[in-house]
Amino acid sequence: MKNNFMKIILAGLLGGFVGNGVLGMFFSLPPVRAILYDPALQSRLFIEITPLRNIPVSVGGLVVLSVIHSWLFTILAPSIPGQSWIKKGLFWGLTIWLMFWVFQEWFIYHTLLSEPLALNLMELVILLSGSLVEGMIISFILARAKKADG
């Protein structure tokens, strides 16, 4: 039991850290930043508020949230489609994206900060990459390990 608990925490922390690293890499690219912060495209409110975010606290919270994703994976793993850890990981990453990022992009960035829908969609494509990485790492550690344990 303790070993499984540690795997859940490890999978969540590692998946969240690497997945958010991927997001940080993409969102830091000069062409992406040029589009997202272009005053002719982006909402004034987004441009004013976004630099005020505390990035380390935000990312730290997302990494901790990934531990919950990892725990939920262990509960739902038998019902997640696919026989291999790869298929389960891809499905789980897509699930994280659908349940978390799509919701956040719509209700926070589009509805509250008036970000244009085209920019929401661009961000969602980037966010999908991080979610898939997170799901794959969680599945690699938990589904692959479970198969090896018998």
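The values are calculated or read from the model by the stated rules, or taken from the named source; none is laboratory data. Note that this is a predicted model, so its numbers are computed, not measured. Every residue, glycine among them, receives a Cβ derived from its backbone with ideal geometry; neighbour counts consider all protein chains shown.
Some notes on this structure:
- Of everything listed in (1) aromatic (Phe, Trp, Tyr); (2) touching a residue at least 60 places away in the same chain (Cβ under 8 Å); (3) in contact with a Pro (Cβ under 9 Å, 6 or more places away or on another chain), the single unmet condition for residue 91 is (2).
- Any hit, region 88-111, residues being among the acidic types (Asp, Glu) and more than 15 Å from residue 131 (Cβ to Cβ): no
- In the set 123, 105, 115, 48, only one residue is over 27 Å from residue 8 (Cβ atoms), over 15 Å from the mean Cα position of the chain (by Cα) and buried (at least 17 other Cβ atoms within 10 Å of the Cβ); that residue is 115.
- For beta carbons closer than 6 Å, sequence separation of 6+ or different chains, a first residue in region 22-36 that is closer than 27 Å to residue 136 by Cα and a second that is modelled with pLDDT under 95, there are no qualifying pairs.
- Pick from region 51-74, criterion among the aliphatic types (A, V, I, L, M) and loosely packed, with under 12 Cβ neighbours inside 10 Å, ranking: modelled with the highest pLDDT: 57
- Residues that are over 20 Å from residue 21 (Cα atoms) and not small (Gly, Ala, Ser), drawn from region 53-83: 71, 72, 73, 74, 75, 76, 78, 80, 81, 83
- Region 45-88, residues that are in contact with a helix residue (DSSP H, G or I) (Cβ under 6 Å, 6 or more places away or on another chain), of a type in the set (S, T, N, Q) and within 18 Å of residue 28 (Cβ to Cβ): none
- Number of residues in region 30-45 that are surrounded by 10 or more Cβ atoms within 10 Å (Cβ to Cβ) and not in a helix (DSSP H, G or I) equals 5.
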